[in-house]
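**Student:** This is the structure, below, for whatever I ask next.
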Amino acid sequence: MNKKTTYLMKMNYKAAAKKSNKKETIRTKHGGDGENEKDLKPRSPVVTLMGHVDHGKTSLLDYIRKTNIIAGEFGGITQHVGAYNVKFKNGKSITFLDTPGHEAFTAMRARGTKITDIVIIVIATDENVMPQTKEAISHAQGAKVPIIFALNKIDKVNSDPMKIKRKLSEMNFLLKEWGGNYPSQEISAKSGEGVDQLLEKILLEAKKLNLRANPKKPAEGTVIEASLEKERGYTTTILIQGGTLKVGDYLVAGTFHGKVKLILNERGKYLKKEYPSKPVIILGLNGPPFPGEKFKVFLNEKEAKQFVENKIQLKKEHKFRFQRKPQITLEQMTKKIKKLKLIIKADVDGSVEALSDSLENLSTDKIVVQIIYKNIGLISESDILLAVASNAIIIGFNVKITSKAKILANKNKIDIRFYSVIYNAINAINAIKKDAQKIIPTKLVGTAKVINCFQHKKIGTIAGCLILTGQIKRNSKLRLIRKGQLIYSGELNSLKRFKEDVKEVNKGYECGIVIKNFNDIKIGDIIELY
């Protein structure tokens, strides 16, 4: 395809989008820059509940749905819809997103989708602020949305709300009742105590946000989930964020399109049209779009098809335009931004605290070191998604990364640094302040699996290894990994093939490896060389 053809395709792509939105302007949180002020109307807040497993998120959602007077009987509500709208006697309403967890929440945000106005962090008062709770808070902060803390299970005998409030204050989340900025409410999702007050605080927070949208333009919004049903075909749950959706509209979501044949609310009621901040189920698309994909209504089927065809063709012709740009590295940080965001994962709590305190103390007038999340354990997919969404660098201290997380990190070009000595990590971050000092990243050159072990009186343990990836060179630095955990970091002392010393061994070959000053090697261990 020549340059002229590519140029014409671009023009057609832009023309189709422009023609379908003659009266539209860019939507923002408060309604849209350039929107006609008289067309903007108040809309319901969109709320997501997050927190630790078994702390009462589902119970709270169930209680709110049961007492939803306008909705009717609880038994008539569709339980598998990822979003629903609750109406109250005073005419106000709230849209709740029932996400499977903060990973899905952040995956949407990583795609550039911001659909939540307020986040409710549910914490059980008979337990503690758990690691998953801390992680959920970090993801909510990364999304830059208001947080309300719901202190649940106050009906329990061993409930201690004061303990939770003290713990939150230690995490720099001072509640409003203690003179801070974060609203909170003690509740019992089981009995309903305090739930009405929580809903009032949600509406009060929404009033401060001045949430508005234009219902007069063609509908636009976000896909929540999609599935294939035997009798109905493809069903898609969407959240309308602007405009009005009507039966018969031609809709495009991602690379799929179709005429809206049917609109249902979460209770299975048939609708002719629906307005902003309302979740609905639609039928008519020719495929299942991904959660987080934007949807848009076009004037007719021809324009919708043309838009999708141009989009698919341009995606094939210019893949690099649709790929995420490389994540900012430490070297680029010194030139481009004044805030260095870090995610810290370590083997034990002591290392986490020591490392985070030391790194935060490196902040200067020119560069602020900000720890957006810290925890113990392996570097997971959730950590990668948070780094993608927040544009952060991950520091791994005596830990390894999971295989799925490594694939996701490579795809999004996330900068991950591994250290086993705290001073090395501090020196690497401290190097940001010194333009002349170079930061040398860890580069993995090869991996080997231990398939046998031999004991030698003079040498010690000789590991019989199979080279899995890359190339093993003598005098390389190495890490010994056992069942996903970092056991030892050191140097390769000797490398042999058939009792002969060699300089290097390539992928697919076997060799003998001796680790300098370390003999606790077991069959199945993985040796990473860098």
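**Student:** Would you please name the residue that is modelled with the highest pLDDT, looking only at residues in segment 72-96 that are crowded, with 20+ Cβ neighbours inside 10 Å and touching a helix residue (DSSP H, G or I) at 6+ places or on another chain (Cβ under 8 Å)?
**Tutor:** In this case the residue turns out to be ILE94.
**Student:** Would you pick out the residues in segment 351-388 that are buried (at least 17 other Cβ atoms within 10 Å of the Cβ), touching a helix residue (DSSP H, G or I) at 6+ places or on another chain (Cβ under 8 Å) and of a type in the set (S, T, N, Q)?
**Tutor:** SER351, ASN375, SER380, SER382
**Student:** Next question. Please give the number of the condition LYS477 fails out of (1) open to solvent by 70 Å² or more (accessible area, probe 1.4 Å); (2) out of contact with any Asp or Glu (no Cβ under 6 Å at 6 or more places or on another chain).
**Tutor:** (2)
**Student:** If you scan segment 249-300, which residues turn out to be in a loop (DSSP other than H, G, I, E, B) and free of Cβ contacts under 8 Å to residues at least 24 places away in the same chain?
**Tutor:** LYS261, LYS269
**Student:** Which residues, taken from segment 138-182, are in contact (Cβ under 8 Å) with a residue 60 or more places away in the chain and either part of a loop (DSSP other than H, G, I, E, B) or not small (Gly, Ala, Ser) (or both)?
**Tutor:** Residues satisfying the conditions are HIS139, GLN141, ALA143, PRO146, ASN152, LYS153.
**Student:** A further question follows. Restricting the search to segment 257-280, which residues are closer than 14 Å to THR222 by Cβ and either touching an Asp or Glu at 6+ places or on another chain (Cβ under 7 Å) or not charged (D, E, K, R) (or both)?
**Tutor:** PRO276, SER277, PRO279, VAL280
**Student:** Residues that are at pLDDT 85 or above: list the helices (runs of 4 or more DSSP H) wholly contained in segment 344-422 that include at least 1 such residues.
**Tutor:** Numbers: elements: 349-360, 381-390, 403-412.
Here the list reads 381-390, 403-412.
**Student:** Now for a different question. Given the options LYS190, LYS201, name the one that is more than 29 Å from the chain's Cα centre (by Cα), open to solvent by 40 Å² or more (accessible area, probe 1.4 Å), touching a residue at least 40 places away in the same chain (Cβ under 8 Å) and on the phi < 0 side of the Ramachandran plot.
**Tutor:** Exactly one of LYS190, LYS201 is more than 29 Å from the chain's Cα centre (by Cα), open to solvent by 40 Å² or more (accessible area, probe 1.4 Å), touching a residue at least 40 places away in the same chain (Cβ under 8 Å) and on the phi < 0 side of the Ramachandran plot, namely LYS190.
**Student:** How many residues does segment 140-176 hold that are open to solvent by less than 10 Å² (accessible area, probe 1.4 Å) and within 17 Å of VAL53 (Cα to Cα)?
**Tutor:** So the count comes out to 6.
**Student:** Just name the residue that is most open to solvent (accessible area, probe 1.4 Å) out of those in segment 455-464 that are modelled with pLDDT of 80 or more and closer than 14 Å to LEU495 by Cα.
**Tutor:** ILE462
**Student:** A further question on this structure: Considering only residues that are of a type in the set (Phe, Trp, Tyr) and farther than 18 Å from ASN214 by Cα, which ones fall in segment 231-282?
**Tutor:** Listed by number, the residues that qualify are TYR234, TYR250, PHE256, TYR270.
**Student:** For LYS496, only one of the following conditions fails: (1) within 26 Å of VAL399 (Cβ to Cβ); (2) of a type outside the set (A, V, I, L, M); (3) in a strand (DSSP E or B); (4) open to solvent by 40 Å² or more (accessible area, probe 1.4 Å). What is its number?
**Tutor:** (1)
**Student:** Given the conditions (1) under 20 Å from VAL86 (Cα atoms); (2) in a helix (DSSP H, G or I); (3) open to solvent by less than 60 Å² (accessible area, probe 1.4 Å), which single one is not true for GLN185?
**Tutor:** (2)
**Student:** List the pairs whose first member sits in segment 508-528 and is touching a residue at least 24 places away in the same chain (Cβ under 8 Å), whose second member is surrounded by 12 or more Cβ atoms within 10 Å (Cβ to Cβ) and of a type in the set (Asp, Glu), and whose Cβ atoms are under 8 Å apart, counting only residues at least 6 apart or on separate chains?
**Tutor:** ILE515/GLU491; LYS516/GLU491
The values are calculated or read from the model by the stated rules, or taken from the named source; none is laboratory data. Please read these numbers as outputs of a predicted model, since none were measured by experiment. Here the Cβ is made from the backbone with ideal geometry for all residues, glycine too, and neighbour counts use every protein chain on show. Quick note on the areas: whole protein, heavy atoms, side chains included, nothing else; ligands and nucleic acids left out. Shrake-Rupley method; radii C 1.70, N 1.55, O 1.52, S 1.80 Å.
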